[in-house]
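All of the numbers you see were taken from the coordinates with simple rules; none came from a lab. Computed from a prediction, not measured in an experiment: that's the story for all the values here. Because the Cβ atoms are built from the backbone with ideal geometry, glycine has one as well, and the counts that use them run over all protein chains shown.
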Amino acid sequence: MSKENPKRKLFAMLPSVDEVLNDKKIMELSEKLPRSIIVEAIRNTIECTRNLIVDLKDNQIDSFKLDYNSLIDNCVDLAHNNYNLSLKKVINATGIVVHTNLGRSLISESIKGELWQAASRYSNLEYDIEEGKRGSRYSHLKDMIKRLTGAEDVLVVNNNAAAVLLVLSTLAKGGQAIVSRGELVEVGGAFRIPSIMQLSGAELVEVGATNKTHYNDYEDAITDNTKVLMKVHTSNYRIMGFSEAVSLEEMRILGDKYDIPVIEDLGSGVFVNLSKYGMTYEPTIYDSINKGVDVVSFSGDKMLGGPQAGIIVGKKKYIEKMKKNQLTRALRVDKMTIATLEATLRLYLNEDEAMEKIPTLKMLTYTKEELFKKAKGLQREINNYTEVADNINIEIEECKGQVGGGSMPTEELDSYAVTISSNNISVSQIEKALRLSDKHIIARVYEDKYILDVRTIFEEEFRDIAIELKKTFGGK
Ligand SMILES: *Cc1c(COP(=O)(O)O)cnc(C)c1O
């Protein structure tokens, strides 16, 4: 018992919640933050300090000082932290354009008016203005999709995983779906075609070998209970070398011969022929429809550069059936998704406009000269802020970026990076300091360099990066 007495004196010095609430700094804070947040922060801070005292060793008790001012500062910081939103802006300096962990595609600034209007005002979401009666939320995208792809009808659900589920559940439940072994992919977030197949109630019939599948493999597998022939565009990996797959044209021939619909999970949907912009050719949605695929599904927020969505396009008779599936109600998209998607699709009516205004497309197709200029700009800004710091090396180097989002895995994007290294501060310390800073800069570390790939950094973010580096390294 003897050692508790000196601690009791320290415990007695701890302020009460009410005392702290009456502190001048805390009173000022009450004008900005909700009282419940402040009280929670005070309770936690006092509790922490109490635990500190509990843990003190005998020989530490005398030197322990309870600093009232820093206790108040801790309360203020904690209250601010608790009030901040969990979902926040970060700076993507990874050079990965469609970065699933960092929010995938960015919406075009040019359509923010449409998005905000749909969100904040009433609309004809499910109302037919001509007829003055109930309408369908899916009717809004129909004309635009028809113009862009030639498809008869469209249905939009939450994401492409949901789209694949809905397609299979509607067309293949209780029957068989034939898929090539080379296409049984897993994509990010543990989405696996076989698992989705099982959920949908369709029986998966695998044909061919991992590297080769032939027309005959499909034909031999067809039974009276075959409901669909399915093609999966393996956008997130590629079998190189000795490989062969059955083309969409051949699948169409087979589908016609046995009267079985041909469906395709295209993964990352593109409308633009990217080979015109120096990238590897990636099949477009128009190609699939043109080659006679009955139903195609793809993501809204991969290379298309729109909101998260799963877009199903194809023959009206199949899409109509899907609209009647009860699952559609459960996978229903919000008006903000429809508004954002329709406005994004409209940008595609003029390809130059799409390439310029849709951030995903713009970032993917920067020229090396543009990237070098960006790197120069970032380097200049960092130099300005860290001028008198003598422990920092700032260089421009070539680097490789990626499309991301499981799209075009073999495509390396030639890019430029500003690289940072130092003799005094380890590269992992730099990475951590910038990640945890107010601006949350997410970048790569390679060997002993901190790498800021400028492809995915906005020019207006250059100064923020420079300021955070200055805080880490010093400077004028
Ligand atoms: C990305 C992808 C999906 C899943 O799409 P989400 O929109 O992320 O749900 C499904 N299939 C393929 C082939 C994909 O590449």
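How high is the FRET efficiency between ARG50 and SER86 when r is their beta carbon distance and R₀ equals 25 Å, given to the nearest 0.05? Let's see the in-between values first.
Values: r = 27 Å, r/R0 = 1.10.
The calculated FRET efficiency here is 0.35.
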R0 = 56 Å: FRET efficiency of VAL17 with ARG252, Cβ-based, nearest 0.05?
0.20
In debye to the nearest 20, how big a dipole does the chain give about its Cα centre with +1 on each Lys and Arg Cβ and -1 on each Asp and Glu Cβ?
1120 debye
Among ALA118, THR340, MET251, the residue whose Cα sits farthest towards the positive end of the charge dipole of the range 109-357, when +1 is placed on the Cβ of each Lys and Arg and -1 on the Cβ of each Asp and Glu, is ALA118
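Which value, in debye to the nearest 20, describes the size of the charge dipole of the range 109-357 about its Cα centre when Lys and Arg Cβ atoms bear +1, Asp and Glu Cβ atoms bear -1, and nothing else is charged? Could you put the intermediate results ahead of the total?
On the way: 31 positive and 35 negative charges, 154 e Å.
Its charge dipole is roughly 740 debye.
Over 24 Å between Cα atoms, which of LYS112/LYS321; LYS212/LYS291; LYS257/LYS315; LYS24/LYS88; LYS65/LYS470 qualify?
LYS112/LYS321; LYS24/LYS88; LYS65/LYS470, as the Cα separations exceed 24 Å there.
Work out the FRET efficiency for LEU125 and ARG346 from their Cβ-Cβ distance, taking R0 = 22 Å, and round it to the nearest 0.05. It would help to have the intermediate numbers written out before the result.
Numbers: r = 18 Å, r/R0 = 0.80.
Efficiency computed from Cβ-Cβ geometry: 0.80.
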Please sort 384-393, 260-269, 72-81, 116-125 by packing, taking for each peptide the average over its residues of neighbouring beta carbons within 10 angstrom, highest first.
260-269, 72-81, 384-393, 116-125
Hey, which aspartates and glutamates would be in cross-link range of LYS432, C-alpha to C-alpha under 13 Å, not counting anything within fewer than 8 residues on its own chain?
GLU468
Given +1 on the Cβ of Lys and Arg, -1 on the Cβ of Asp and Glu, and no further charges, what dipole in debye does the range 329-420 carry about its Cα centre, rounded to the nearest 20?
580 debye
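Report the net charge of residues surrounding VAL270, where surrounding means a beta-carbon distance below 12 angstrom and charges are Lys +1, Arg +1, Asp -1, Glu -1.
After counting each charged neighbour, the total is -1.
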Can you give the % of DSSP beta bridges in the chain that are antiparallel, to the nearest 5?
60 percent
Can you give the % of DSSP beta bridges in the range 109-357 that are antiparallel, to the nearest 5?
45 percent
Sorting check: for 292-303, 196-207, which peptide has the highest mean count of neighbouring beta carbons within 10 Å, and how do the rest follow?
292-303, 196-207
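Would you mind checking LYS276/LYS368; LYS373/LYS439; LYS173/LYS316 for any pair whose Cα atoms are more than 21 angstrom apart? Walk me through the numbers before you get to the answer.
Working: LYS276/LYS368 16 Å; LYS373/LYS439 23 Å; LYS173/LYS316 19 Å.
With Cα atoms farther than 21 Å apart: LYS373/LYS439.
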